[in-house]
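Student: I am attaching a structure below and will ask some questions about it afterwards.
The values are calculated or read from the model by the stated rules, or taken from the named source; none is laboratory data. Since the structure is predicted, the reported quantities are computational estimates derived from the model, not experimental observations. Cβ: placed from backbone, ideal geometry, glycine included. Neighbour counts: every protein chain shown. We work out accessible area using only protein heavy atoms, side chains counted, and drop any ligands, DNA or RNA first. Shrake-Rupley method; radii C 1.70, N 1.55, O 1.52, S 1.80 Å.
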Amino acid sequence: MSDYEFYSVDGSAEDFKSLECSSVIAFDVEGTGVHQRMDVPLGFSITNNPNSAYYVDIENQYFRQLLAKPNTLYIAHNAKYDRSMMKKVDTTVNNLCDTMIAAHLCEEERLSLSYLVGVRLNRSVPTYSDLTKPFISMSLKEMLKYSGPHSRAALLLWRGFPQNHWPGYE
């Protein structure tokens with residue numbers, strides 16, 4: 001499989017089996033822009049571990065099927081965008097928890113991923129304004145540097161929100 005990239009902040013190795021067996025997976029879709037109705041999905045990052053992530057070309061069937069498992073909880077920030085973009089490639093992601101909605105329920109001052117990551121995790125993530133060129137002209141490795149931290153951050157945010165927002169998941 002050559003249509004994905006992997007990175008780890010702690011030196012851990014790729015672990016497909018862990019993703020396949022995971023009951024919680026975070027993901028973040030990137031497209032040709034930020035408008036879910038007009039734009040086209042290009043790829044997505046996916047993780048079940050806050051220390052690593054994969055970035056995958058949107059055509060990668062193996063990783064797309066990981067987003068369609070019936071007994072898995074999927075975490076995303078602004079999940080409406082991510083789910084809509086995946087539907088464009090015939091992949092329906094159900095059982096979603098949206099960290100943006102959770103932030104709203106927790107009465108956060110602002111709902112952007114960069115704000116929440118700064119306030120709740122004392123970290124930063126790349127923002128859309130940080131990009132030096134359009135996604136469509138980026139390599140998978142460049143996309144991973146942008147999108148990977150987003151899926152990892154969504155997972156960490158989900159773990160940090162009060163668990164009464166996620167009944168049945170611990």
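Student: Go through (1) more than 26 Å from Ser124 (Cβ to Cβ); (2) at pLDDT below 90; (3) not in a loop (DSSP other than H, G, I, E, B) for Gln65 and report which single condition fails.
Tutor: (2)
Here's the yes/no breakdown for (1) over 20 Å from Met143 (Cβ atoms); (2) free of Cβ contacts under 8 Å to residues at least 24 places away in the same chain; (3) open to solvent by 10 Å² or more (accessible area, probe 1.4 Å):
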position	(1), (2), (3)
Ser22	yes, no, yes
Glu30	no, no, yes
Asn48	no, no, yes
Tyr55	no, no, no
Asn60	no, no, no
Tyr74	no, no, no
Arg83	no, yes, yes
Glu109	yes, yes, yes
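Student: Looking only at the stretch 88-107, which residues are open to solvent by less than 100 Å² (accessible area, probe 1.4 Å), without any contact (Cβ under 8 Å) to a residue 60 or more places away in the chain and in a loop (DSSP other than H, G, I, E, B)?
Tutor: Residues satisfying the conditions are Lys88, Val89, Thr91, Thr92, Asn94, Asn95, Cys106.
Student: In addition: Have a look at Arg123, Arg110 and point out the one that is under 15 Å from Gly160 (Cα atoms), assigned to a loop (DSSP other than H, G, I, E, B) and of a type in the set (Lys, Arg). Give the derivation first.
Tutor: Numbers: Arg110 fails: under 15 Å from Gly160 (Cα atoms).
Going through Arg123, Arg110 in turn, the sole match is Arg123.
Student: For the stretch 32-46, which residues satisfy the criterion of being among the polar types (S, T, N, Q) and open to solvent by 50 Å² or more (accessible area, probe 1.4 Å)? Spell out the reasoning first.
Tutor: Let us first name the residues in the stretch 32-46 that are among the polar types (S, T, N, Q), namely 32, 36, 45.
Residue satisfying the conditions is Thr32 alone.
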